[in-house]
Amino acid sequence: MKPSAFDYHAPRSLGETLEILAGAGPHGKVLAGGQSLIPLLNMRLAAPSHLVDINRVAALDTVSVEEGGVRVGALARHAAVERSSSVARAQPLLRAALKLVAHPVIRNRGTVVGSLVHADPSAELPAVLTVLDGSVRLARHAGPVREVPAAAFFTGPLESAVEPGELAVSAFFPSLPPRTGSAFCEVARRHGDYAMAGAAAVVSLDEDLRIASARVACVSVGPVPVLLDVSEVCAHRPAASVDWAAVARDVRDRIDPEGDIHATAAYRRHLTGVLAERALRIAAQEAADERAEETSHG
Amino acid sequence: MGEALHEITLTVNGVLREAKVPGRRLLSDCLRRELGLTGTHVGCEHGVCGCCTVLLDGAPVRSCLTFAVSVDGHEITTVEGLSGPDGSLSPVQRAFSECHALQCGFCTPGFLCSATALLRDNPSPTDDEVVEGISGNLGRCTGYQNIVKAVHRAAELMGDEA
Ligand SMILES: Cc1cc2nc3c(=O)[nH]c(=O)nc-3n(C[C@H](O)[C@H](O)[C@H](O)COP(=O)(O)OP(=O)(O)OC[C@H]3O[C@@H](n4cnc5c(N)ncnc54)[C@H](O)[C@@H]3O)c2cc1C
Ligand code: FES
Ligand code: FES
């Protein structure tokens, strides 16, 4: 279980990184935290001839709360984003989901952007980017910067829109509009494992606290995170009078999971219905609480 | 043609160490082979078991999922570096011994490193926090009850000594 040989590159600036990636083309791979790539290299499921280590590119180690959301640079580790209280205020779903990604020790090294590019359909962060309508910024040497929306970023299991020679420089997670809540619920065989099923939910209420929009992104039920808009089933009612069983049924009917050694397709379908309902209810409650706070503060 | 070698310098357990390694040398193998520190154990080499956990600039990481050359210039603490200069056991090590938190010892270096970092950041963790803190480490002998007890005991010992 040792990687095969590769040429190791250790650029120090973004420009240098892009030049090396351009030179390596399809034979190059970016090394960020290595928490998914190094297992693949150790098992020789991947054997790139050039490895471009971005760990010395300090300019990529950024997390910033901007107008309208949170921008996470390619070298920001899970642990740093999870700890940031300004991120938690601007986009609480990030911290909620990060707590479910692997174990604290893995999160000390793994990066948020790496998790997105790795594009595991069971991973939490791709579902978060999807339900929030976030985007990933891609750059290449002597070429234009592309801002790819989540809906176009995840293209298949372990496949993303990143092309050879490109670097994902950052990801943008929009913050929530007013009267909006979010939640992430999942079931894994052991805490820290990839989830058998899970759902990231975002619910917005109108002035009268009726559900204006409700969306979930489900993990482990398709080649990419599966985004479902269930606003119609919520029928513009307040959370307390929504027919939640119908919502869960709608979710179950619209997904097509596969079975594997961890869970049968039927069990995954059932779990996803339960978890989507749970996440949506929590998100709706959060939205209502936020509304209450808003009112009490005048 | 031979594989290119990189000269790296690591501060391991407070001592400046130099090594020449190919890019693909895992930190776990560099510690064990080039530097002769075999206390860091290697179980699975894909990040699951936690036996290879070491402290990188103070934070616990998987040495099997880190290339040695990536951490050139950084500080590493291995299980060999947890005891005092005179060889006296650290509070975490004493607590593991007292509470029977090890049997064959294979998983122990990883647990000791994880627990040391946990208690540094959180000197009096709850049960849940202990379980979360060591959730990335697998043991196959003793069961986890005594390990959880040992972490609480270590917190007591550290409190007494503070
Ligand atoms: C024991 C264990 C349990 C885990 N459990 C979970 C889990 O529950 N949920 C979960 O989501 N993940 C889990 N993971 C996976 C892991 O945490 C993430 O996938 C990983 O951290 C990805 O980030 P990284 O920085 O480590 O990426 P790397 O491993 O360095 O890279 C991953 C891939 O993305 C590419 N890449 C990375 N950054 C860029 C960039 N900026 N531009 C272009 N390409 C890039 C790499 O070339 C590679 O193909 C687990 C891992 C382990 C070892
Ligand atoms: S050997 Fe590193 S986690 Fe198992
Ligand atoms: S003491 Fe034997 S595996 Fe942990």
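The values are calculated or read from the model by the stated rules, or taken from the named source; none is laboratory data. No experiment lies behind these values; they were computed from the predicted model shown. All Cβ positions, even for glycine, are placed from backbone atoms using ideal geometry, and neighbour counts span all protein chains on display. All accessible areas refer to the heavy atoms of the entire protein, side chains included, with ligands and DNA or RNA removed. Shrake-Rupley method; radii C 1.70, N 1.55, O 1.52, S 1.80 Å.
Overview of values
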read-out: Average beta carbon contacts from partner chains per residue of A:6-12, 10 Å cutoff; value: 4
read-out: Loss of accessible area when A meets B, both sides summed, Å² nearest 100, probe 1.4 Å; value: 2200 Å²
read-out: Heavy atoms of A:Tyr267 accessible to a 1.4 Å probe, total area in Å² rounded to 10; value: 100 Å²
read-out: Kirkwood Rh, angstrom, segment B:79-139 [1 / mean 1/r, Cα pairs]; value: 12.1 Å
read-out: Given charges at beta-carbon only (K, R positive; D, E negative), |dipole| of chain A in Debye; value: 860 debye
read-out: Residue among A:Glu277, A:Glu166, A:Glu67 with the largest mean-square fluctuation in a Gaussian network model of chain A, springs linking Cα atoms under 10 Å; value: A:Glu67
read-out: Whole-percent carbon and sulfur share, accessible surface of segment B:91-161, 1.4 Å; value: 53 percent
read-out: Per residue value of the accessible surface for segment B:1-152 (all protein chains in place, 1.4 Å probe), Å²; value: 44 Å²
read-out: Calculated from backbone phi, Karplus (6.51, -1.76, 1.60) coupling profile of segment A:263-271 in Hz, x at Gly/Pro; value: 7, 6, 4, 5, 5, 4, 4, 4, 4
read-out: Total formal charge among the other residues, if their Cβ is under 11 angstrom from that of A:Val148, Lys/Arg +1 and Asp/Glu -1; value: -1
read-out: 41 Å tail of the calculated P(r), the protein assembly as shown, as % of Cα pairs; value: 22 percent
read-out: Probe 1.4 Å, protein heavy atoms only - accessible area per residue of chain A in square angstrom; value: 42 Å²
read-out: D (Stokes-Einstein, µm²/s), Kirkwood Cα radius, chain B, 1.002 mPa s at 20 °C; value: 133 µm²/s
read-out: Computed lengthening from A:Glu207 to A:His27, 0.36 nm per intervening residue step minus Cα-Cα distance; value: 59.4 nm
read-out: Percent accessible area from carbon and sulfur atoms, segment B:5-81, protein chains only, probe 1.4 Å; value: 44 percent
read-out: Calculated FRET value between B:Glu156 and B:Gln103, using beta carbons and R₀ = 22 Å, to 0.05; value: 0.45
read-out: Minimum 20 Å² accessible area buried by the other protein chains, segment B:15-42 residues, probe 1.4 Å, relative to alone; value: B:Gly23, B:Arg24, B:Leu26, B:Asp29
read-out: Approximate spin-label separation A:Asp7-B:Cys141, in nm, with each point projected 7 Å along Cα-to-Cβ; value: 4.7 nm
read-out: Ranked packing of A:234-240, A:210-216, B:11-17, most packed first, by mean Cβ within 10 Å; value: A:210-216, A:234-240, B:11-17
read-out: Rg followed by Dmax, in Å, when segment A:195-288 is reduced to its Cα trace; value: 13.1, 46
read-out: Residues losing 30 Å² or more accessible surface upon assembly, segment A:48-63, compared with the chain by itself, 1.4 Å; value: A:Arg56
read-out: Carbon + sulfur, % of accessible area of chain A - ligands and nucleic acids excluded, 1.4 Å; value: 52 percent
read-out: Segment A:248-267 and segment B:47-126: distance between their alpha carbon centers, rounded to Å; value: 40 Å
read-out: Close Lys-Lys pairs in the protein assembly as shown, where close means Cα under 27 Å and separation is 8 or more or interchain; value: 4
read-out: For segment A:7-58 versus segment A:126-140, the gap between their alpha-carbon centres in whole angstrom; value: 21 Å
read-out: Shielding of A:34-46 by partner chains, average beta-carbon count, 10 Å; value: 4
read-out: Label-point separation, A:Asp289 to B:Ser124 (7 Å along Cα→Cβ), nm; value: 2.7 nm
read-out: Shielding score for A:103-115, defined as the mean number of other chain Cβ atoms within 10 Å; value: 6
